1. Among the listed residues PHE241, PHE247, identify the single one that is in the same structural domain as GLU162 (by TED's automatic domain parsing), hydrophobic (A, V, I, L, M, F, W, C), modelled with pLDDT under 90 and exposed (fewer than 11 other Cβ atoms within 10 Å of the Cβ).
2. Can you pull out the residues in segment 281-299 that are in a loop (DSSP other than H, G, I, E, B) and in contact with a His (Cβ under 9 Å, 6 or more places away or on another chain)?
3. For segment 276-327: of the residues being closer than 17 Å to ARG338 by Cα and over 37 Å from the mean Cα position of the chain (by Cα), which is surrounded by the fewest Cβ atoms within 10 Å (Cβ to Cβ)?
4. Out of segment 198-225, which residues are under 12 Å from ASP15 (Cβ atoms) and in a helix (DSSP H, G or I)?
5. Working only within segment 58-76, note down all residues that are within 20 Å of GLN176 (Cβ to Cβ) and either over 17 Å from the mean Cα position of the chain (by Cα) or of a type in the set (A, V, I, L, M) (or both).
6. LEU99 versus (1) modelled with pLDDT under 95; (2) within 20 Å of VAL185 (Cβ to Cβ); (3) in contact with a Leu (Cβ under 9 Å, 6 or more places away or on another chain); (4) surrounded by 14 or more Cβ atoms within 10 Å (Cβ to Cβ): which is the lone unmet condition?
7. If I ask for residues that are within 15 Å of LEU99 (Cα to Cα) and not small (Gly, Ala, Ser), which ones from segment 54-77 would you list?
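The values are calculated or read from the model by the stated rules, or taken from the named source; none is laboratory data. Since the structure is predicted, the reported quantities are computational estimates derived from the model, not experimental observations. Here the Cβ positions follow ideal geometry from the backbone for every residue, glycine too, while neighbour counts run over all protein chains shown.
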Amino acid sequence: MQSMPAQAVDLVFADPPYNLQLQNELHRPNMTKVDAVTDRWDQFEGFAAYDEFTRAWLTACKRVLKPTGSIWVIGSYHNIFRVGKMMQDLGYWIMNDVLWIKTNPMPNFRGVRFTNAHETLIWASTGKGNRCTFNYQAMKGLNDEKQMRSDWWLLPVASGAERVRDECGVKGHSTQKPEALLYRVILSCSNPGDLVLDPFFGSGTTGAVAKLLHRAWIGIEREENYVKLAQERIDAVEPEFFQTASFDVRSKKKTAARIPFSALLEGGYLKPGQKLYFRKDKQRSAIIKPDARLRTNDGFEGSIHRAGAHLMDGSPCNGWEHWYLQDNGDMVPLDDFRKRYRIEKTTPDG
């Protein structure tokens, strides 16, 4: 990452070593050996060495991320709390912690703990106040038009045909993540053409999903056998023909031309002195002033958003959706007038 230009990456997904600190082999009740994570890359001398390693790669990620970019880090109880603290120390701003609930977790064979049935993902922006990509409507689309929650179910661990294996049939990577998990992460926080970075590329799940969704990607991996498996896997991905309109899941409200409320007054779509009603409530109203501010019936003056927030005791308010004009007996939201303005004034035929 030190050789990459600064502020070039839109999204980072990181699946770093978990520092599991396994001391002994694990066996099932029938005495068969558990294929646990014993790889050399997951072994550190102690917490201090792991912390130094973690701080270094998090710092490098922050340098290459755009101010509007974000980072996702996945981990287990062994490391995720240490990672989260360091992220905050480095100035990242945590947006959510998400639990990936495994539908087919490995049992606790010793019977001394609860079955570890989830992993934690931390989603963070580059700093407090920095706005990052979040395709909210796309996440609702994946969740039957309901707001996506932070507990992610029905995403099984990578197994069966999805599990990458070498030429001998042995699983290629001990901690391969399912493509469904990366699909959700990449779709939620990037757009077609964006650059996705995975600094612990492993078997290439991030690259495979990024290619499928028409994102550019960079994978960093030091283990040669993983690089070979990842390259073969990604080469086999054949994304559908790219049409921007088909793959762009951004909210149309965000991509539409920005129209100030004042434009509706100056364009004659609304008139000074007209009365608006808040949430169709005729007891709470406001008059449109010539300067595009509203004066509520209790004397407050401000924009359509601030006047709405005033009536909601300071809570955020989208005035376009909460103020209504009575038109021919119907309560019509301000947003309908804005839509009409866009069609008639900002489209090529308008």
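1. Answer to the selection: PHE241.
2. Matches in segment 281-299: ASP298 only.
3. Only one residue tops the list, namely ASP327.
4. Hits for segment 198-225 are THR205, THR206.
5. Start the filter on segment 58-76 by keeping residues that are within 20 Å of GLN176 (Cβ to Cβ), which leaves 72-76.
Listed by number, the residues that qualify are VAL73, ILE74, SER76.
6. Unmet condition: (1).
7. Result: TRP72, VAL73, ILE74, TYR77.
Listed here are the residues, each with its yes/no results for (1) assigned by TED's automatic domain parsing to the domain that holds HIS305; (2) modelled with pLDDT under 90.
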| position | (1), (2) |
| --- | --- |
| PRO178 | no, yes |
| CYS189 | no, no |
| ALA210 | no, no |
| ARG222 | no, yes |
| ASP235 | no, no |
| LEU265 | yes, no |
| LYS280 | yes, yes |
